[in-house]
Each structure stands twice: as C-alpha cells, then as structure tokens.
1. Using the crude model of +1 on Lys and Arg Cβ and -1 on Asp and Glu Cβ, and no other charge, please compute the dipole size for the range 1-121 relative to its Cα centre, in debye to 20.
2. With +1 on each Lys and Arg Cβ and -1 on each Asp and Glu Cβ, how big is the dipole of the chain about its Cα centre, in debye rounded to the nearest 20?
3. What value, in deg cm²/dmol to 500, does the helix sum -39500 (n - 2.57) over DSSP H runs of n ≥ 4 give at 222 nm once divided by the residues of the chain?
4. Residue separation times 0.36 nm, minus the C-alpha to C-alpha distance between D209 and D76: what's the value?
5. Could you check the spin-label model distance between R243 and M1? Points 7 Å from the Cα along Cα→Cβ, value in nm.
6. Give me a comma-separated list of calculated 3J(HN,Hα) values for the range 151-162, in order, Karplus coefficients 6.51, -1.76, 1.60 applied at θ = phi - 60°, integers in Hz, x for any Gly or Pro.
7. Which stretch or stretches of the range 185-220 have amide N atoms under 14 Å from the point lying 7 Å from D164's Cα along the Cα→Cβ direction?
8. Give me L233, L72 sorted ascending by neighbouring Cβ count inside 10 Å, so fewest comes first.
Amino acid sequence: MAPLVTEAIVLHAFDYLETSRILRLLTREAGVQSVLARGARRSRKRFGSAMDLFAQGIAEIHFRPNRELQTLGALDVTRARSELGEDVGRFTAASVISEIVLRFPYEESAAGIFDVVEECFDRIGAADPGRTLDAALGGAWRIIAHLGFTPALDVCANCHAPLDPGIAVAFSHSAGGALCGRCGTVAAGSRVLPPPARDAIRMWMNGDDAPPLTTAEARAHQRLLREFFQEHLGTDRELRAFRVWEQGAWSAA
Ligand SMILES: [Zn+2]
C-alpha cells in the first residue's frame, strides 16, 4: 500500500520506549491519526522539529490495515510554530485547541477542519501575550461551529422564538444554546448570558474578532466554553489543558 502524503499538524506528542515518539496528527486528508515515529529521539536529523507540538508540515504515513497506530515515514516541517512554545499563555491556549480537536466527537471526515485549526494556531501565535485568551476562545468557537455544533444564539434553543439581541438570556448547555424568558425559567443549570457575551460568541463563530474582554468576562467565557464542551463529551474525564488554562497558572508570573 502506497504511503499517504498529506499536510499534518502535531496536536499531541509523547515519548515511546527509549528511542521513539508517538504523535497525534491532524491531517488534511485523513482526519486525526496516531503515528509512531521510530527512532525519532535518537536521530534529530531525521525528524528535526517535527517532533514538537503544533509543528506543521508534509507527513508521509504508512498505513497498516486494522491498526490504530500507523507509522510515520517522514514529516517535513514547513512551519515549526516556535512562537507558540515561547510564551506560556500562547502555549496553554494552543493546548486547549488541541484538546478540543482530539476529544470532540465529530466525523473524522469533517471537511475543512484542517484549515480552521491551522488559522486558529496562526492567530494565537500572532496574538499579543495579553490577548491569547481571546484568540483561543475565538478559535474554539469557530472550530465548534465548523464541526456542526453551533449553539442557538438568536432564537430560543427550545421553542425557536426569536430572541431580542439587547437582553440578557439564559444559556442552557443541555438545550443547546440561548433560551427565551419562558423556556429559561424552567431550564435547570443554565448560565446567564449578557448581550456582549452573546455578541462575542456570534462574532467568533463567524470568524471575526470580538472586542477585547475584561479579565472577568474572559473567565466567564472560559467556563461557558468548558461546560459546553463537557456537555457534548458526555464524560467526566479530566480536561487537562482546560484545567491549566482556566486556573491561569501561566499568568502567575
Ligand atoms: Zn423558548
């Protein structure tokens, strides 16, 4: 079987045995793939910076039938994205994006997801260190929208009544978005979404930038995003990157 040659981004990487590394790649043509890079730790020459998180390049993947782990023949890096590793806020933001792509339950064939993720890493890499939170929130909602999980924002998620854009609404993760006053009063466990927060999510999903967030607004958005994500995952398994990101351990400096 001829190897697949496709663009790929490293979303996760860890050492395997003494000399190798296992990577989880988002590929342009074959969704997410786990690959073994044999000898990668022994020979930096062969794989170079391709073993680093968020690197992007042309991967040569050798598939074997009925295997979950494929073999990486080569990964020729076109963009190392070292700017994501140089700032802890950017790194944490990019890690959350990786966690979303790796854990969200979507069809692997989701067309165009590669472009959305690529653009998201680029925006985080270009973000001012003080604005990495905004860049990650925007990218996360764009990815979620692209995967087909857009929450209702302008009509009630339950009864489909139009919602006044100028008022605070209840947002219910289980209902799938914003609720009208009538449905909101009977929904358990919903969050209050003020108009600027609803506007920001709408802008992000459209691929636009939202006005800069205050610290309190950013925190509320992080929590809302994590709860939305957890609702769709349907599991309590820990979201490690989210935890680090939300706790803001990176901002202690
Ligand atoms: Zn309603």
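1. Numbers: 15 positive and 17 negative charges, 132 e Å.
Computed about the Cα centre, the dipole is about 640 debye.
2. It works out to roughly 740 debye.
3. -11500 deg cm²/dmol
4. Numbers: separation 133, 0.36 × 133 = 47.88 nm, distance 3.20 nm.
So the chain would gain 44.7 nm between D209 and D76.
5. 3.6
6. Computed from phi, the couplings for the range 151-162 are x, 5, 10, 10, 10, 5, 5, 9, 10, 6, 5, x Hz.
7. 195
8. The fewest-first ordering by Cβ neighbours comes to L233, L72.
Bear in mind that the values in this text are calculations on the coordinates, not laboratory data. What you see is a predicted model, and the numbers here were worked out from it, not measured in a lab. Ideal geometry is used to build each Cβ from the backbone, glycine not excepted, and the neighbour counts take in all protein chains shown.
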